[in-house]
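Rule-based calculations on the coordinates, nothing more; no lab input. Computed from a predicted structure; not experimentally measured. Reconstructed Cβ throughout: ideal geometry from the backbone, glycine too, with neighbour counts over all protein chains shown.
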Amino acid sequence: MRRPGFVVAFAVLTGMLCTDTALAQSTTGWPVYGGDSGNTRYGKLDQITTKNVQRLKVAWVLQLGTLEAQESTPLVIGDTLYVTSSSGPKHVFAVEAKTGTVRWRYSPEIPADVQQTTCCGLDNRGVAYAKGKIFVTRLDGYLVALDARTGKELWKSQVVDYTQGAAITSPPTAVKNLVVTGFAGGEYGVRGYISAFDQDTGKEVWRLYTVPATGEPGSETWKGDSWKFGGGAAWYVGSYDPQLNLLYYGTSNPAPWAAVVRGPDSSAYGDFTNLFTASTLAIDPDSGKIVWHYQSTPYDAWDYDGVNELVLADVVVGGQTTPVLFKADRNGFFYVLNRKTGKLISAEPYVFVNWATGVDKASGRPIEIPEKRPRLDTWARDICPNLFGGKNWEPMAYSPQTRLVYIPTFNLCMDLAGRTAEYKRGMFYLGSEWDLAKVGPGGHMSEAIAWDPIKNVKVWGNKEELPFMGGMLPTAGGLVFHGNIQGWFKALDASTGKLLWQFNTGSGISAGPVTYELDGKQYVAVVSGRLVTPPSFLGHIGEKIFASSPPGGALFVFELPAP
Amino acid sequence: MTGWLLARGASETAPPATNPFHADASVVPVGRSLFNQHCSHCHAPNAINPDPSRDLRRLKLRYRENMAHVFYETVTEGRPTKGMVPWKGVLSEDAIWKIFTFLESVQREP
């Protein structure tokens, strides 16, 4: 169904992206992390509805074999489901999507010392698929291609030397004949880059540094040679628009957190914006060059990574259908940009924000409140949101049916102070002291919200007691599915937020659910397995989270039983 | 000295490590700040870590009179394959013992 003025852009685009494979073209599977190459995570299936969701039952369960944080989004290609476990990944499973019977398993040996070089848990968010190949990224900095039918390793290429403090936790992006990936390491002073590999050979085709070297455009935004360990890691997923032929990635915080290393110790930072950190980049996938950039947090001092996924949609702005991207930034502002030009359309707070009064429309810069910027040996207190952000990696979703964006938000604040930092290879490079365990206004720690991205208003919100709630799945059946850290998997009415059904999976859910259809039947799937490391940053709140559900690791698949 | 100490890399012949700041309460805030700068992203701010294997408030429960020794060996040498980094050459002896003095102040009683 097409609502006047709104185009369901990515149902069409996904098909165009995958012209070479009938399987991935199907609107009934889940061919890519974000559901489509625009990361909308909209489930086009409507068998499971607000009327019958109460009857939803477990069809099968797959044990993932690890107990670290499970953050994987499964892919469904044809009749096969591909899912990863945490810890490396320790396992990549290919299973029959109808029964969970294992077809093959890929279990690489990952060096034990990757623990030191991963900031926030031994997670893996899933694989990518193209032309009969599964692409796996690993904590030890490798990208691997597997035969999708057999699991046989076809090639293995090093993306980055993990021992410097780098790790790959997110699936790569398949674009034309390339597979593109960034890596994590903004807490270890890596110099970020995004690189593209040939899908057939594994040869590196291009590499784009997100932090320019001396003399390159943008290098004037860095103090001295601070760019060398400048961060800007693109650790989350990319989006791709095949019509514009543009690839989009967000970049992390600059390193170290203590800004004084990279510029003046003040909100009057002038040109010291530290490009291209905490930014959205539009990249020409053929050349690997930046076409436009938009920096959401110039001269970041709060660890407000700009990595959150870019959700692509075509919406009416000022009477004109416009290709836009949505980003619920860590810094608390919801950005709508023209994705062709990078022009700012709107930037409004979608959570409680008190470090800036707004975003200046002309410069695109946040209007800072100077007391909320941590400086060297000076605490800034009660900054909202805290460094987990208004939203973190837990994926949001856009429904063209309701025209709303569903966002798993945080409601936490922090105290932060800058300290003297010295770079040491493979060690955290923060120069910072912090207290993140401050609950935001209202006393709840997260909230599922339905956000109107054009009017910039919250249409409804469901408060959750504890943080790290799960990613969102709106469906054509008028539902939104999501999990929470206590392990409950819920179905809500997409237009009101009313709880219609819930199921206890026994361990916390942070990953995003998916839906697929096989032999005429709709399934909904989600991975359960509580986060371990990020809650530990929260002291007594972390103790509550640990008490709320045990660690785990299982994929749950649901169906409507025959009446 | 028992098997677990050897297994964790402490040498039986080394003189037992002792804290030069023992019971000096004035060092606790300094140690706390150092801990929060260097250790808190793995061991949690103020050492309040819900994950037992990383909860440094349990050192006394675990190691009793050998606590200082295990602490010193673990911090200087690390346990690299377990995710604990070596701090020799990064933090001074002085800083390491100040951190220990802070940790002594938050130990759970047996």
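Calculate for the protein assembly as shown the 222 nm mean residue ellipticity that helices alone would give, adding -39,500 (n - 2.57) per DSSP H run of length 4 or more and normalising by residue count, nearest 500 deg cm²/dmol.
Rounded to the nearest 500, it is -3000 deg cm²/dmol.
Over the range A:304-426, with a single point scatterer placed on each C-alpha, what log10 of the ratio I(q)/I(0) does the Debye formula yield at q = 0.10, 0.19 1/Å?
Here log10 of I(q) over I(0) equals -0.37, -1.07.
Assuming 0.692 mPa s and 37 °C, estimate D for the range A:105-217 with Stokes-Einstein, Rh taken as the Kirkwood radius over Cα pairs, in µm²/s.
The estimated diffusion coefficient comes to 227 µm²/s.
Which residue, chosen from A:N308, A:P561, A:G218, occupies the Cα position most advanced towards the positive end of the dipole of chain A, where the dipole is computed from +1 (Lys, Arg) and -1 (Asp, Glu) charges on Cβ about the Cα centre?
Value computed over the given set: A:P561.
Counting other beta carbons within 10 Å of each Cβ, put A:I110, A:I407 in order, fewest first.
On the way: A:I110 18, A:I407 27.
In increasing order of surrounding Cβ atoms, one gets A:I110, A:I407.
Would you mind checking the tilt of helix A:539-548 against the longest principal axis of the Cα atoms of chain A, expressed as 0 to 90 degrees and rounded to 10?
Long axis of A:539-548 versus the principal axis of chain A: about 0 degrees.
What are the principal axis extents of the Cα atoms in the protein assembly as shown, in Å, biggest first?
On the principal axes, the protein assembly as shown reaches 74, 55, 52 Å in Cα extent.
What is the sum of charges, Lys and Arg at +1 and Asp and Glu at -1, for the other residues whose Cβ falls under 15 Å from the Cβ of A:E109?
After counting each charged neighbour, the total is +1.
May I ask for the equivalent-ellipsoid semi-axes of the range A:481-563, computed as the square root of five times each C-alpha gyration tensor eigenvalue and listed largest first in whole Å? Don't skip to the end; give the middle numbers.
On the way: eigenvalues 150, 41, 20 Å².
Its equivalent ellipsoid spans semi-axes of 27, 14, 10 Å.
Say R0 is 60 Å: what FRET efficiency, to the nearest 0.05, do A:L376 and A:K156 get from their beta-carbon distance?
Values: r = 43 Å, r/R0 = 0.72.
Working from the Cβ atoms, E equals 0.85.
Counting other beta carbons within 10 Å of each Cβ, put B:Y72, B:Y63, A:Y523 in order, fewest first.
B:Y63, B:Y72, A:Y523
Would you kindly calculate the translational diffusion coefficient of the range A:374-522, applying Stokes-Einstein with the Kirkwood radius from alpha carbon pairs, for 20 °C and a viscosity of 1.002 mPa s, and quote it in µm² s⁻¹ without decimals?
126
Give the Cα extents of chain B along the principal axes, in whole Å, largest first.
Result for chain B: principal-axis Cα extents of 34, 33, 28 Å.
How big, on average over all directions, is the shadow cast by the Cα convex hull of the range A:168-304, in nm²?
So the mean shadow area of the Cα hull is 7.8 nm².
Could you list A:S507, A:S287 in order of exposure, starting from the residue whose Cβ has the fewest other Cβ atoms within 10 Å? Please list the in-between numbers first.
On the way: A:S507 22, A:S287 12.
Fewest-to-most ranking of A:S507, A:S287: A:S287, A:S507.
Taking H placed 1.01 Å from N in the peptide plane, check which residues at least 5 places from A:A234 or on another chain put their amide H under 5 Å from its amide H.
Correct list: A:F183, A:Y193, A:S252.
Could you order the peptides A:167-176, A:543-552 from most to least packed, using the average number of other C-beta atoms within 10 Å per residue?
On the way: A:167-176: 24.7, A:543-552: 18.3.
Taking the mean over residues of other Cβ atoms within 10 Å, the ranking is A:167-176, A:543-552.
Quick one: Debye curve from the C-alpha atoms of the range A:267-323, no solvent, what's log10 I(q)/I(0) at q = 0.20, 0.27 Å⁻¹?
Result of the Debye calculation: -0.88, -1.07.
Mean-square fluctuation check for chain B, GNM, Cα pairs under 10 Å: which of B:S40, B:S26, B:S53 is largest?
Looking only at B:S40, B:S26, B:S53, the largest GNM fluctuation is found for B:S53.
Over the Cα atoms, compute the radius of gyration (one decimal) and Dmax (the largest Cα-Cα distance, rounded to a whole number) for the range A:48-144, in Å.
Considering the range A:48-144 through its Cα atoms, Rg and Dmax are 15.2, 50 Å.
Between beta-carbons, use under 13 Å as the cut-off and find the net charge around B:I48, counting Lys and Arg +1, Asp and Glu -1.
Here the count lands on +2.
Average the reciprocal distances over every distinct pair of alpha-carbons in the range A:366-454, invert the result, and give the Kirkwood radius in Å. Intermediate results must be reported in sequence, preceding the final value.
Numbers: mean 1/r = 0.0658 Å⁻¹.
Across the range A:366-454, the inverse of the average 1/r is 15.2 Å.
For the range A:204-270, what's the radius of gyration and Dmax over Cα atoms, in angstrom?
My reading of the Cα-based Rg and Dmax gives 14.4, 43 Å.
How large is the Kirkwood hydrodynamic radius of the range A:463-515, counting all unique pairs of alpha carbons, in Å?
Evaluated over the range A:463-515, this radius sits at 10.9 Å.
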